[in-house]
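Report on the following structure.
Taken together, the values in this text are just the output of simple stated rules run on the coordinates, not laboratory data. All figures in this text were calculated on a predicted structure; none of them were measured in a lab. Every residue, glycine among them, receives a Cβ derived from its backbone with ideal geometry; neighbour counts consider all protein chains shown.
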Amino acid sequence: MSGRARAVAHPNFALAKYWGKADVAHNVPAVPSLSVTLDAMSTTTSVSFEPGLDADEVTFRGAPAADAFAARVTRLLDRVRAEAGLGLFARVETANDFPTAAGLASSASGFAALALAATAAAGLEVDAAGVSDLARRSSASAARSVFGGYAVLPAGAPGTTRLPAEPLFSADHMPLAITIAVTTEAEKSVGSTDGMGHTAATSPYYAAWVDDAPRTFARIRAALAARDFEALAAASEASALTMHACALAARPGLLYWNPTTVRVLDDVRAMRRSGLAAFFTIDAGPHVKILSHPRDADAISARVASLEGVVGVLRAAPGEGARLLDPAATDAP
Ligand code: DP6
């Protein structure tokens, strides 16, 4: 065992949303989700199990990580230590090359990179499904970032313990561009874990969401298999809007959108009426992810950049899954 490993992973965005858990203790989703992993934006994480440490030392961009994040890292490392029969604490260095929080899915890329780096550093023989299952226990969407292209995370049942994501199609399955309209620089108020817990506990629409989500998921999966952009657009927007409708109906309601979010949503619909192939999705934050044919991406990006309140535009395409990097390279972490 080398004791040290470094991995990189990218965020993914769900077209069929995960929102709600069948088993909170095991972090098992109540609904199936389907996502696309991006080629842009990445988290790089290095893990080094070292003698002489009396606790895990977690740094984020060179500074000590926030306590809540460090505790989540340690919970993942504890699972790896138990599996590997390892008694050493670890030095963990992690950095994102994109804004954290604000709904840009840093926990997905973060826990995918951590799961891969930690299992490799501990010398565990784990395949991609094993890495995905480990990442899922920390943050379910992270299970999908282990795979490139399009991935599925099935729903589980109470008591499910093992549930990895599965690769569905490679990144070149269909031409697709992703344009992210960043609608504020402020951090989001309610994170996904708390938001979905509150929704499940208080929204009268939660049962309807859990009932409907598998059908919408099946439509999204079939549209993607057939490379049917219009059907994919309709079903993906339905998944995002139904998830938000369910969260809006929680008591008190969760409103992740700001006025600029709505302006962008409205504009994407106007784009479609004018003949551009584009649709939106929105996660537990105010930014809007626009999926389109690559030939329209320049026009879409210029158009949303000029909308009042849009503070930035990021561009991506479907990309690769998590992978190991040379731990000795000097461009830390
Ligand atoms: C709205 O994976 O962040 O982005 O499992 O509690 O860590 P935990 O939740 P998380 O939730 C992601 C929710 C979402 C939809 C999605 O990515 O499917």
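Worth a mention:
- Of the GluC sites (Glu not before Pro) in the stretch 79-149, those whose Cβ has at most 15 other Cβ within 10 Å and which sit in DSSP loop: E125
- Summed side-chain charge close to A201 - residues other than A201 whose Cβ falls under 13 Å, Lys, Arg +1, Asp, Glu -1: +1
- Surrounding net charge for S48, when Lys and Arg each add one and Asp and Glu each subtract one, Cβ distance under 10 Å: 0
- Most mobile listed residue (A299, A121, A90) in the chain, GNM with C-alpha springs under 10 Å: A299
- Alpha carbon centroid spacing (whole Å) that separates the stretch 130-188 from the stretch 237-268: 21 Å
- Extension gain for the segment D54 to A299, taken as residue separation times 0.36 nm less the Cα-Cα distance, is 82.8 nm to one decimal.
- Residue separation of T202 and E185 scaled by 0.36 nm, minus their Cα-Cα distance, works out to 3.2 nm of gained length.
- Choice from D127, D23, D212 showing the highest fluctuation, given a GNM over the chain with Cα pairs closer than 10 Å: D127
- Within the stretch 1-125: Cβ-based charge dipole about Cα centre, in debye rounded to nearest 20 (Lys, Arg +1; Asp, Glu -1): 240 debye
- Remark: relative contact order (the stretch 69-156) = 30 percent; criterion is Cα-Cα distance under 8 angstrom and separation of 6 or more residues.
- Tensor-based shape of the stretch 1-150 (alpha-carbon gyration tensor, a/c under 1.5 rounded, otherwise prolate or oblate): prolate
- Alpha carbon convex hull of the chain, volume per residue in cubic angstrom: 128 Å³
- Cα-derived Rg to Rh of the stretch 155-221, Kirkwood definition: 1.03
- Using a cutoff of 8 angstrom between alpha carbon atoms and counting only pairs six or more residues apart, the relative contact order for the chain works out to 26 percent.
- F13, F111, F147, F60 arranged by Cβ crowding within 10 Å, fewest neighbours leading: F60, F13, F147, F111
- Here is the list for the stretch 60-137: trypsin sites (Lys or Arg not before Pro) lying in DSSP coil, each with at most 16 other C-beta atoms within 10 angstrom of its C-beta, are R61.
- Per-peptide average of other Cβ atoms within 10 Å, ordering 40-49, 271-280, 153-162, 316-325 highest first: 40-49, 316-325, 271-280, 153-162
- Remark: relative contact order (the stretch 1-147) = 33 percent; criterion is Cα-Cα distance under 8 angstrom and separation of 6 or more residues.
- Helical content of the chain, expressed as a calculated mean residue ellipticity at 222 nm, amounts to -12000 deg cm²/dmol (DSSP H runs of 4 or more residues, -39,500 (n - 2.57) each, divided by residue number, nearest 500).
- Exposure proxy ranking, count of Cβ atoms within 10 Å, fewest first, for V313, V262, V268: V262, V313, V268
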